[in-house]
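Note sheet for the following structure.
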Amino acid sequence: MSYDRYEREYHLTPTGWKLGNFSFYGKVDEPVDAPADRVLTMVKEVEQSSGYSPEDVSWREEWRSADVSRTEVNHLLWQFGEYPTYTE
């Protein structure tokens, strides 16, 4: 079992990245409704095997709007960054 494991959702909207749900060991700890204008949802997964080891961080795409073109999503990613730059 890992020492620490959590996930944070981030939603890309026309005005930038917005925080989503925070889950600790797979259980939603801080529920946040997804913005109605989101075009993409990314999940940051963080796991630490012990209190002394570095965090292993990975990202996965959780959701993408079927109503927004790939070009529009790519423009927003260019404008606001491929991943959010702030931390919890």
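All of the numbers you see were taken from the coordinates with simple rules; none came from a lab. Not measured: the values here are computed from a predicted model. All Cβ positions, glycine included, derive from the backbone under ideal geometry; neighbour counts span all protein chains shown.
Taking T71, T41, T15 as the candidate residues, the one with maximal mean-square fluctuation in a Gaussian network model of the chain, Cα springs under 10 Å, is T71.
State to the nearest 20 debye the size of the charge dipole of the chain about its Cα centre, where the only charges are +1 on K and R beta carbons and -1 on D and E beta carbons.
Details: 9 positive and 17 negative charges, 35 e Å.
The dipole of the chain has a size of about 160 debye.
The amide H of N21, built 1.01 Å from its N in the peptide plane, has E9, V32 as neighbours under 5 Å, considering only residues 5 or more places off or on other chains.
Between the amide H of W63 and those of T41, distances stay under 5 Å, these residues lying 5 or more places away or on another chain, with hydrogens modeled in the peptide plane. To the nearest ten degrees, helix 70-80 and the longest principal axis of the Cα atoms of the chain are 60 degrees apart.
The per residue volume of the convex hull around the alpha-carbon atoms of the chain is 100 Å³.
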